[in-house]
Amino acid sequence: MTTYKTSDFRKGLKVQINNEPYLMTEMNFVKPGKGNAFYKCKLKNLVRGTTLDRTYKGGETLESADVMEFTTQFLYKQGNTFVFMHRETFEQYELSADQVGDNWKYLMEGMPCQITLFNGNPILMDPPVQVELKVDFCEPGAKGNTATNVTKPVTVETGAEILCPIFIEMGNVIKVDTRTGAYVERVSTS
Amino acid sequence: MTDRKNFLPTATLENLKKRAALLESLRLFFRQHDFLEVQTPILSADTVVDRYLEPFQIVTQSAPDFSPQKGAAPPSARRYLQTSPEFGMKRLLIGGLEKIYQITHAFRQDETGPLHNSEFTMVEWYRCGDDQQAAIDLLADLTQNLLNKEVQQTTYADLFLKHIGLNPHVATVDQLKEATTSYAIPDYLLAPSPQKISSTLSTGHQNKTEGDDGQKEDWLNWIFAELIQNKLGRERPLIVNDYPACQAALARTAKQTFQEEDGKPKIITEVAERFELFVDGIELANGYHELLDPEVLAMRNERVNDFRELDGRERLPEESYLLQGMKAGLPPCSGVALGFDRLAMVAFGLSTISEILPFPDGRA
């Protein structure tokens with residue numbers, strides 16, 4: 001573990017506060033002609049996503065967070081556990097349903113997913129930004145209704161419900177943005 | 001990494017030309033006011049002893065070649081890049097010059113940011129016989145001359161009264177805390193580290209006007225920097241004067257009487273005859289009605305070094321040619337240091353110092 005002095009502070013640093021990992025997303029150096037320097041930081045909690053505003057005085061320190069990110073493959077879900085495998089070392093990592101959160105909606109076997117480890121333990125899983133999913137079930141769209149701002153829920157192959165334009169039909173493959181959960185476009189109609 | 005043209009200047013050629021013109025106007029101003037341009041060593045065995053200024057140190061590998069002049073000591077192996085030309089210039093006043101200015105580079109470690117560069121251009125001037133107000137008037141003249149805006153003046157106490165309703169010279173830490181509860185107060189203020197100046201370390205500082213235990217200083221600095229400074233000099237340049245005695249640095253202190261509300265007795269306290277110029281929330285210049293008493297300077301140096309030690313910083317030399325000179329007699333004077341790069345920034349409406357420096361930190 002490294003100790004960062006205020007003079008090491010910069011955007012992108014990963015630090016530990018109260019045993020939780022944070023990413024420094026902003027750093028502002030303020031040094032009045034008199035008195036101490038301030039380091040005004042915005043810190044994003046890597047587990048909860050919350051943001052913290054902190055002001056440090058020159059000379060204060062923060063511990064580095066042992067954070068690692070790499071790409072894995074989603075293997076399978078067993079009960080409440082999601083299992084991922086490192087693509088190079090083949091090591092397996094398990095995340096709970098709580099840790100995976102809403103991202104379960106996009107997980108297909110074999111999908112490349114980013115895993116974040118903190119102190120060797122997985123804390124975060126990020127699916128690809130956009131995923132393609134097949135529509136398993138939906139109500140037929142009303143004939144002749146071509147308005148694009150009308151939506152309906154469809155069930156995709158993962159079991160999740162996604163709001164789609166009315167023209168989407170069973171068997172279509174749709175692209176979904178995993179950051180927002182929003183429908184992006186229809187990929188194929190087969 | 002993405003920018004492959006790091007050899008090019010960050011400032012536009014247009015801005016560099018405007019910068020040169022501003023430098024000319026500055027020299028003209030001083031010429032018209034009968035000031036002599038001087039040059040003092042940038043690399044010196046002496047350095048300003050400040051709790052929060054970190055000078056770059058140069059340690060020579062071997063004793064430099066030196067043909068001793070009469071009475072001169074060989075140069076020290078450890079020397080400092082100046083954080084300001086203050087010591088050298090004051091020694092010139094002691095030597096007999098009365099109105100001097102210098103445009104030079106100053107260096108401060110670990111100071112890089114939108115308004116900071118570890119190497120920057122400083123304009124510094126001294127005039128013998130000036131009290132605080134005379135020096136403020138000269139700074140106001142210069143500002144008006146260069147920025148074409150009329151300058152206003154207020155006191156540090158009035159700013160605190162206006163913004164947090166407290167007189168900073170007499171308020172306690174608890175009162176300052178209470179007045180700012182609605183703000184995000186940094187941890188280092190709420191839970192100050194046990195590293196306070198202890199009585200053993202402060203022994204020898206009988207002069208109580210020399211400041212608080214450091215905690216109040218931290219509070220005042222934070223309130224000023226975070227809650228007040230950004231609002232200063234927005235419409236017109238503003239000079240703030242009469243700082244708390246604990247921020248005297250190299251300024252002298254003066255007794256001041258504050259009239260409290262009806263019925264309450266007058267409060268007599270000490271203030272530092274220090275003043276600063278703000279434009280658009282940016283601090284441009286800092287001036288002192290200069291401290292003359294070498295004993296007070298020695299005491300302040302020792303106190304600052306005690307704090308530096310607690311902060312985990314190196315003690316800086318307390319002995320200096322300046323201190324020797326002050327024992328011989330520094331004539332009454334006032335002096336001002338002005339950050340030229342920042343002056344150029346506000347003059348041309350730029351928001352970062354790299355827009356006015358050809359090669360800032362990272363490209364230097």
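A quick yes/no check of all residues on (1) in contact with a Leu (Cβ under 7 Å, 6 or more places away or on another chain); (2) among the β-branched types (Val, Ile, Thr); (3) part of a loop (DSSP other than H, G, I, E, B); (4) modelled with pLDDT of 95 or more:
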site	(1), (2), (3), (4)
B:Gln61	no, no, yes, no
B:Ala72	no, no, yes, no
B:Ser76	no, no, yes, no
B:Arg79	yes, no, no, no
B:Glu111	no, no, yes, no
B:Val123	yes, yes, no, yes
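B:Ile268 passes every criterion in (1) in contact with a Leu (Cβ under 7 Å, 6 or more places away or on another chain); (2) open to solvent by 60 Å² or more (accessible area, probe 1.4 Å); (3) of a type in the set (A, V, I, L, M) apart from (1). Here's a check for you: in the range B:242-251, which residue that is within 13 Å of the chain's Cα centre (by Cα) and not in a loop (DSSP other than H, G, I, E, B) is farthest from the other protein chains (Cβ to nearest Cβ)? The extreme case among them is B:Ala251.
Might you check whether a residue that is touching a helix residue (DSSP H, G or I) at 6+ places or on another chain (Cβ under 8 Å) and at positive phi occurs anywhere in the range A:41-60? Yes, the range A:41-60 contains at least one residue that is touching a helix residue (DSSP H, G or I) at 6+ places or on another chain (Cβ under 8 Å) and at positive phi. Here B:Arg308 passes the criteria (1) over 16 Å from the mean Cα position of the chain (by Cα); (2) modelled with pLDDT of 95 or more except the one numbered (2).
Residues that are away from chain A (no Cβ under 14 Å), assigned to a helix (DSSP H, G or I) and open to solvent by less than 20 Å² (accessible area, probe 1.4 Å) within the range B:344-364 comprise B:Ala344, B:Met345, listed in sequence order.
Restricting to the range B:139-175, give me the number of residues that are in a helix (DSSP H, G or I) and touching a Lys or Arg at 6+ places or on another chain (Cβ under 7 Å).
Going residue by residue through the range B:139-175, those that are in a helix (DSSP H, G or I) are B:139-147, B:156-164, B:173-175.
Add one more test, that the residue is touching a Lys or Arg at 6+ places or on another chain (Cβ under 7 Å), and what stays is B:173.
Total satisfying the criteria: 1.
Within the range B:162-177, the set of residues being in contact with a strand residue (DSSP E or B) (Cβ under 9 Å, 6 or more places away or on another chain) and within 14 Å of B:Leu220 (Cα to Cα) comprises B:Asn167, B:Pro168, B:His169, B:Val170.
Screening A:Asn80 on (1) open to solvent by 90 Å² or more (accessible area, probe 1.4 Å); (2) of a type outside the set (Ser, Thr, Tyr); (3) within 14 Å of chain B (Cβ to nearest Cβ) shows it passes everything except condition (3). Does B:Ile268 satisfy the condition of being at pLDDT 95 or above, away from chain A (no Cβ under 12 Å) and not in a helix (DSSP H, G or I)? Judged against the criteria, B:Ile268 is not a match.
Restricting B:Ile103, B:Ile94 to residues that are part of a strand (DSSP E or B) and aliphatic (A, V, I, L, M) narrows the list to B:Ile103. Taking the numbered list (1) open to solvent by less than 10 Å² (accessible area, probe 1.4 Å); (2) hydroxyl-bearing (Ser, Thr, Tyr); (3) farther than 21 Å from B:Tyr243 by Cβ in turn, B:Tyr321 passes all entries but (1).
Considering (1) within 12 Å of chain A (Cβ to nearest Cβ); (2) modelled with pLDDT under 90, the lone condition that B:Gln259 does not fulfil carries the number (1).
Test A:Gly58 against the criterion of being over 16 Å from the mean Cα position of the chain (by Cα) and within 27 Å of A:Thr180 (Cβ to Cβ), and give yes or no.
Working: over 16 Å from the mean Cα position of the chain (by Cα): yes; within 27 Å of A:Thr180 (Cβ to Cβ): no.
Judged against the criteria, A:Gly58 is not a match.
For the range B:145-178, the candidate set comprises residues that are polar (S, T, N, Q) and without any contact (Cβ under 8 Å) to a residue 60 or more places away in the chain; within that set, the residue that is surrounded by the most Cβ atoms within 10 Å (Cβ to Cβ) is B:Gln175. Set side by side, the residues B:Ser118, B:Ser44 differ, and just one is among the small types (Gly, Ala, Ser) and modelled with pLDDT under 95, which is B:Ser44.
Return a yes/no flag: does the range B:109-121 have any residue that is open to solvent by less than 20 Å² (accessible area, probe 1.4 Å) and among the acidic types (Asp, Glu). Checked against the condition, which is being open to solvent by less than 20 Å² (accessible area, probe 1.4 Å) and among the acidic types (Asp, Glu), the range B:109-121 yields at least one hit.
Okay, residues lined up against (1) aromatic (Phe, Trp, Tyr); (2) surrounded by 20 or more Cβ atoms within 10 Å (Cβ to Cβ); (3) within 14 Å of another protein chain (Cβ to nearest Cβ); (4) part of a strand (DSSP E or B):
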residue: A:Thr25; (1), (2), (3), (4): no, no, no, yes
residue: A:Asn36; (1), (2), (3), (4): no, yes, yes, no
residue: A:Lys42; (1), (2), (3), (4): no, no, yes, yes
residue: A:Asp53; (1), (2), (3), (4): no, no, yes, yes
residue: A:Tyr56; (1), (2), (3), (4): yes, yes, yes, yes
residue: A:Phe74; (1), (2), (3), (4): yes, yes, no, yes
residue: A:Gln99; (1), (2), (3), (4): no, no, no, no
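The values are calculated or read from the model by the stated rules, or taken from the named source; none is laboratory data. Only a predicted model underlies this, so the values are computations on that prediction, with no experimental measurement involved. Methodologically, a virtual Cβ is constructed for each residue, glycine included, from the backbone with ideal geometry; neighbour enumeration extends over all protein chains shown. Ligands, DNA and RNA are excluded from the accessible area calculation, which covers all protein heavy atoms including side chains. Shrake-Rupley method; radii C 1.70, N 1.55, O 1.52, S 1.80 Å.
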